[in-house]
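Enquirer: One structure coming up, written as structure tokens, with questions to follow.
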Amino acid sequence: MAQFIVHSIPGSPYGRAVLATLVEKGASYQLLPVAPGTFRAEPHISRHPFGRVPVLEHDGFMLYETQAIVRYLDRVAPSPALTPTDAKALARMDQVMNVCDWYLFQGVGNVIGFQRVVGPKLLGLKADEAAIAQAMPKAHAVFNELSRLLGDNAWFAGDRLTLADLMIAPQIDFFVEMPEWAPLTATTPNLVAWLGRMNERACMQQTTWERVAQRAAGAAQAA
Ligand SMILES: N[C@@H](CCC(=O)N[C@@H](CS)C(=O)NCC(=O)O)C(=O)O
């Protein structure tokens with residue numbers, strides 16, 4: 001099979017979802033880091049007209065949008081299957097993937113994650129505490145709803161890992177080191193246990209910020 005090429009950056013939760021899916025598939029891939037500050041410049045803007053990561057390149061086919069990418073990966077590398085066949089389980093997977101995009105990232109991850117982690121770590125910025133405080137009610141609502149949807153299941157769509165788990169885990173894992181983690185998870189112990197199960201898997205262990213940064217540094221040196 002043609003090589004999978006992922007254009008991304010260390011620390012991107014969406015990029016991590018793609019890498020984690022590739023690891024679950026046992027697929028080898030090449031990571032090509034997009035240099036900070038060049039997202040909206042050539043060559044990246046031709047790969048992604050909205051100037052974001054990740055982008056997948058496969059056999060000359062370019063694809064952006066994480067949901068589209070991970071669904072594509074599940075079709076071209078069908079084993080192990082990461083999409084349920086049962087209609088209700090599949091609907092739950094779809095629902096959780098959309099909660100990820102519409103509520104967990106927008107207004108929660110992209111605010112609190114940026115203020116607490118990305119800004120200070122990459123741009124030397126001081127966290128805007130007012131912006132974080134303003135995002136916390138929505139963060140509580142999203143964590144509580146994810147906890148409710150997970151219920152007593154091992155995984156979001158039931159008893160098997162699916163693309164929903166692979167999209168949500170990188171976003172939730174971002175919060176673990178933050179002071180907001182304790183209040184957000186005080187009433188969601190099932191979510192904490194689920195993240196523990198995810199973090200025991202190679203797909204999470206091989207795609208931490210540090211591991212991806214090492215890989216990106218190797219790719220940059222080889223270029
Ligand atoms: N809807 C996109 C979202 C991707 C996204 O927002 N990626 C972030 C990194 S996690 C990004 O590229 N941010 C750069 C920016 O907003 O300038 C997807 O599913 O791939």
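Only the coordinates and a few stated rules stand behind these numbers; no lab work does. Every value quoted in this text rests on a predicted model; they were computed, and no experiment measured them. Cβ atoms come from the backbone with ideal geometry, glycine included; neighbour counts cover every protein chain shown.
Enquirer: For Phe174, what residues show an amide H to amide H distance below 5 Å, using hydrogens built from the backbone and excluding near sequence neighbours?
Expert: Residues meeting the amide H criterion: none.
Enquirer: Can you give the helix-only mean residue ellipticity at 222 nm for the chain, where every DSSP H stretch with n ≥ 4 adds -39500 (n - 2.57) and the sum goes over all residues, rounded to the nearest 500 deg cm²/dmol?
Expert: -14500 deg cm²/dmol
Enquirer: Which one, Ala87, Ala141, Ala27, has the greatest fluctuation when you compute a Gaussian network model over the chain with C-alpha springs under 10 angstrom?
Expert: Ala87
Enquirer: A further question follows. Considering Cα pairs under 8 angstrom that are at least six residues apart, work out the relative contact order of the chain and quote it in whole percent.
Expert: About 27 percent, as a whole number.
Enquirer: Of the beta bridges DSSP finds with both residues in the chain, what % are antiparallel, to the nearest 5?
Expert: Roughly 65 percent of the DSSP beta bridges within the chain come out antiparallel.
Enquirer: Residue farthest toward the positive end of the dipole of region 71-162, with Cβ of Lys/Arg at +1 and Asp/Glu at -1: which of Ser79, Met93, Trp155?
Expert: My answer, from the dipole projection, is Ser79.
Enquirer: For a label point 7 angstrom out from the Cα of Lys121 toward its Cβ, which stretches of region 1-31 have the backbone nitrogen within less than 17 Å?
Expert: 8-20
Enquirer: Report for region 1-68 the percent antiparallel among DSSP-assigned beta bridges with both residues inside it, nearest 5.
Expert: 60
Enquirer: Between Ala131 and Ala223, what FRET efficiency comes out of the Förster formula 1/(1 + (r/R0)^6) with R0 = 30 Å and r the beta carbon distance, rounded to 0.05?
Expert: 0.25
Enquirer: Still on this model: Given +1 on the Cβ of Lys and Arg, -1 on the Cβ of Asp and Glu, and no further charges, what dipole in debye does the chain carry about its Cα centre, rounded to the nearest 20?
Expert: Once rounded to the nearest 20, the dipole reads 200 debye.
Enquirer: Remind me, relative contact order of region 76-186 in percent, using alpha carbon pairs under 8 angstrom and six or more residues apart?
Expert: Relative CO of region 76-186 lands at 36 percent.
Enquirer: With just the Cα atoms defining each centre, how far is region 140-162 from region 175-223? Give it in Å.
Expert: Region 140-162 and region 175-223 have Cα centres spaced 18 Å from each other.
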